[in-house]
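Worksheet: one structure, shown below.
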Amino acid sequence: MPQAVDPRRVAEHGSEVMRLVDEIFPLVEGFYVDLHRNPELSHQEHRTSRAVAEWLSRAGYEVATGVGGTGVVGVLRNGEGPTVLLRCDMDALPLEERTGLPYASTARGTLPDGQEVPIMHACGHDAHTACLVGAADLLASSRDHWSGTLMVVAQPGQETLDGAESMLADGLYERFGRPDIALAQRVGPQPAGMIAHRAGVLLGMSSTVRVRVFGSPGHGGFQPQTGVDPVVIAASIVTRLQTVVAREVNPSEMAVLTVGVLRAGTKSDLVPDEAYLEINTRCLNERVADRLHAAIERVVKAEAAASAAPREPEVTVVRGAGLTRNDAQQTRALAAAHRAYFGDPYVIDLPEPFTLGEDFGSFGLPDTEEPVPYVMWLLGSTPHDVWAAAPGATPFDKLASVPGSHSSHFAPDREATLRAGLAALTIGALTYLGRTSGPGRATSGLARSGRPGNPDDADSTQNADMAALLADDDEGESTQNTDMAALLADDDEGESTQNTDMAALLADDDEGESTQNTDMAALLADDEDESTVHADMAELLNDPPPPPRGPTQGTLTGPSPSFRPPSGPAFSAPPPSGAPVDAPPPPDAHPDEPPHRY
């Protein structure tokens, strides 16, 4: 089990490392905008993986591509110490974007079955990737503050829930070393800039079941009685499956069953010979998962038999992911480090899991005798004005109303989310890699002008002035040059710069009678050692961080039309060098007074 550094010391190291954030942030934001404009489907992340590989190579990492298909691995060895794995996912969804953003995706792609679809980063993987390469660069530029080995993993195929297994099957740990701990973050629906932890089960189990039911072809107008209609069988299956959760799962358990795909036929008056369904299940334990799968198989076969289908249907579980079960001890260590850096109002403990599916847990080798401890946390991404406008008197009501993952309207608060994500990943790594002594100073390798990674590669956009690409708007009000201290610190009069009373946005109603505030920890928490729950959701979110001063969306235009993403093969870059950067520090890691409450 890896040993965590004292949280206060982690915050001190983090404050020094994050001095570079304003230098590197325009690059990270430009990278994010470009990824958002150019999403790629699962296992087709060729452009994205090339860009990630180039960034890591320029920052001084040993880089390997094509791991598990389109995966990228970067390793940075910095003396004795533990090995920490930081992971992001790169793939997007077959969804048409409706955010109205000036950098919205118009990309289209082809699914494995040949279907042409629109593509959108509707699950925040563009933010995950941009934050990871940014944090990797910050850590590479700050080696005086830590010791050990950093393994950066950019994973393909998270949406298909098989990318992590593909990388492991391709020898991830055998080729690059077994980590002592694996860390990851994913955007959540909480207000932008918040960090949410949960020891034990954070995310639920997920599986996809493919079903083919068979009939006999016929004509709708000429002796239709001679055929067996698979469309009718499929419709009966869909209707019947809706009763499984309501009548076959204990009300105290959580379960979701969704028929997301139903295809059959080519012409309105022809009875096809088969129908195809895809069914998704979500739950929080193996027992319920087994019950759902058994019910699906029973219902499908029974409906086919009831309609005298000429052959038995095919029912296949094609992919799935187990529970994301955070290591309790390491979750507490990371939450303490995040609180020491961000402050208590910015870090919460979730009282119950989310039903999202995630394959990050595979990196923990959960079915082996010596599993790898891992921790994933949620990174709030909802713009504060969107949260404020969301209907509902309780946090639960608002969480159900704001656009979340897999929504065509999903549009994170770009600057607040990226800045918090950069810091959260960096602090997470330093929790285990941070040295116990020695202040040190840092300079950014990638953002520093005058040191291109490859003199022959004059065309690389990594060396372009991203400040010019992400220029201020006409009024010069861009938040690009705002330092972290201005975003988070108190003003000269000692009054909070947070101008919105988020307590009012998130507080319970006056009567406090909503049943949404019931403490589900008793129903859903693991054993006493694994639960970080100390209060109900309303109390946890009663006074979260208000939005930073100034615009929260950053520049609205994104990179100029001439911006081109990184391209070309990975190569070795020299270590960071040069004079220290004289940048303002982030907020005091250990404020003597609690944040102002209105």
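The values are calculated or read from the model by the stated rules, or taken from the named source; none is laboratory data. From a predicted model like this one, the values you see are computed outputs, not experimental measurements. For neighbour counting, all protein chains shown are included, and Cβ atoms are generated from backbone atoms with ideal geometry for every residue, glycine included. These area figures cover heavy atoms from the full protein model, side chains too; ligands, DNA and RNA do not enter into them. Shrake-Rupley method; radii C 1.70, N 1.55, O 1.52, S 1.80 Å.
From the set of residues in the range 213-234 that are part of a loop (DSSP other than H, G, I, E, B) and of a type outside the set (D, E), which is surrounded by the most Cβ atoms within 10 Å (Cβ to Cβ)?
Filtering the range 213-234 for residues that are part of a loop (DSSP other than H, G, I, E, B) and of a type outside the set (D, E), the one surrounded by the most Cβ atoms within 10 Å (Cβ to Cβ) comes out as G215.
Hey, can you tell me all the residues within the range 349-373 that are hydrophobic (A, V, I, L, M, F, W, C) and either over 21 Å from L86 (Cβ atoms) or assigned to a loop (DSSP other than H, G, I, E, B) (or both)? Don't jump to the end; show me each part of the working.
Taking the range 349-373 as the starting set, the residues that turn out to be hydrophobic (A, V, I, L, M, F, W, C) are 350, 354, 356, 360, 363, 365, 372.
Those that are hydrophobic (A, V, I, L, M, F, W, C) and either over 21 Å from L86 (Cβ atoms) or assigned to a loop (DSSP other than H, G, I, E, B) (or both): L350, F354, L356, L365, V372.
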Looking at (1) within 19 Å of the chain's Cα centre (by Cα); (2) open to solvent by less than 10 Å² (accessible area, probe 1.4 Å), can you tell me which one N38 breaks? (2)
So, in the range 303-334, of the ones that are out of contact with any strand residue (DSSP E or B) (no Cβ under 9 Å at 6 or more places or on another chain) and closer than 24 Å to S236 by Cα, which residue ends up surrounded by the fewest Cβ atoms within 10 Å (Cβ to Cβ)? A306
Looking at the range 374-385, is at least one residue surrounded by 21 or more Cβ atoms within 10 Å (Cβ to Cβ), part of a loop (DSSP other than H, G, I, E, B) and touching a helix residue (DSSP H, G or I) at 6+ places or on another chain (Cβ under 7 Å)? no
Would you check if A122 is more than 23 Å from G204 (Cβ to Cβ) and in contact (Cβ under 8 Å) with a residue 40 or more places away in the chain? no
Pairs, first within 19 Å of E286 (Cβ to Cβ) and β-branched (V, I, T) in the range 366-377, second modelled with pLDDT of 95 or more and open to solvent by 70 Å² or more (accessible area, probe 1.4 Å), C-beta under 7 Å, six or more apart: none
Checking the condition touching a helix residue (DSSP H, G or I) at 6+ places or on another chain (Cβ under 9 Å) and crowded, with 23+ Cβ neighbours inside 10 Å, which residue from P351, P391 passes? P351
Out of L85, L20, L56, report the one residue that is assigned to a helix (DSSP H, G or I) and closer than 16 Å to T129 by Cβ. L56
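Going by the conditions given, is E297 surrounded by fewer than 17 Cβ atoms within 10 Å (Cβ to Cβ), of a type outside the set (A, V, I, L, M) and either without any contact (Cβ under 8 Å) to a residue 24 or more places away in the chain or touching a His at 6+ places or on another chain (Cβ under 9 Å) (or both)? Steps first, answer last, please.
Values: surrounded by fewer than 17 Cβ atoms within 10 Å (Cβ to Cβ): yes; of a type outside the set (A, V, I, L, M): yes; either without any contact (Cβ under 8 Å) to a residue 24 or more places away in the chain or touching a His at 6+ places or on another chain (Cβ under 9 Å) (or both): yes.
In short, yes.
One line per residue, one yes/no per condition, for (1) in contact with a Phe, Trp or Tyr (Cβ under 8 Å, 6 or more places away or on another chain); (2) hydroxyl-bearing (S, T, Y):
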{"position": "T160", "(1), (2)": "no, yes"}
{"position": "A169", "(1), (2)": "no, no"}
{"position": "R175", "(1), (2)": "no, no"}
{"position": "I181", "(1), (2)": "yes, no"}
{"position": "A184", "(1), (2)": "yes, no"}
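Can you tell me which residue in the range 142-160 is farthest from E29 (Cα to Cα), limited to those that are in contact with a helix residue (DSSP H, G or I) (Cβ under 9 Å, 6 or more places away or on another chain) and open to solvent by 10 Å² or more (accessible area, probe 1.4 Å)?
Step one: list which residues in the range 142-160 are in contact with a helix residue (DSSP H, G or I) (Cβ under 9 Å, 6 or more places away or on another chain), which gives 142, 144-159.
Next, only the ones that are open to solvent by 10 Å² or more (accessible area, probe 1.4 Å) stay: 144, 147, 149, 159.
On the way: D144: 26, S147: 28, T149: 26, E159: 23 Å.
Once the filter is applied, the top-ranked residue is S147.
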Which pairs turn up if I take residues in the range 247-265 that are under 18 Å from R212 (Cα atoms) and look for partners that are part of a loop (DSSP other than H, G, I, E, B) and open to solvent by less than 60 Å² (accessible area, probe 1.4 Å) with beta carbon separation below 6 Å, at least 6 apart in sequence or on another chain? A264/P272; G265/P272
Across (1) out of contact with any strand residue (DSSP E or B) (no Cβ under 8 Å at 6 or more places or on another chain); (2) buried (at least 21 other Cβ atoms within 10 Å of the Cβ), K267 clears everything bar (2)
Taking Y32 as meeting all but one of (1) crowded, with 22+ Cβ neighbours inside 10 Å; (2) in a strand (DSSP E or B); (3) out of contact with any strand residue (DSSP E or B) (no Cβ under 6 Å at 6 or more places or on another chain), write down the number of the exception. (2)
Residue that is nearest to L20 (Cα to Cα), among those in the range 105-138 that are assigned to a loop (DSSP other than H, G, I, E, B) and open to solvent by 30 Å² or more (accessible area, probe 1.4 Å): T106
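Name the residue, out of G81, G69, that is farther than 23 Å from R186 by Cα and of a type outside the set (K, R).
Values: G69 fails: farther than 23 Å from R186 by Cα.
Selected residue: G81, the only one of G81, G69 that is farther than 23 Å from R186 by Cα and of a type outside the set (K, R).
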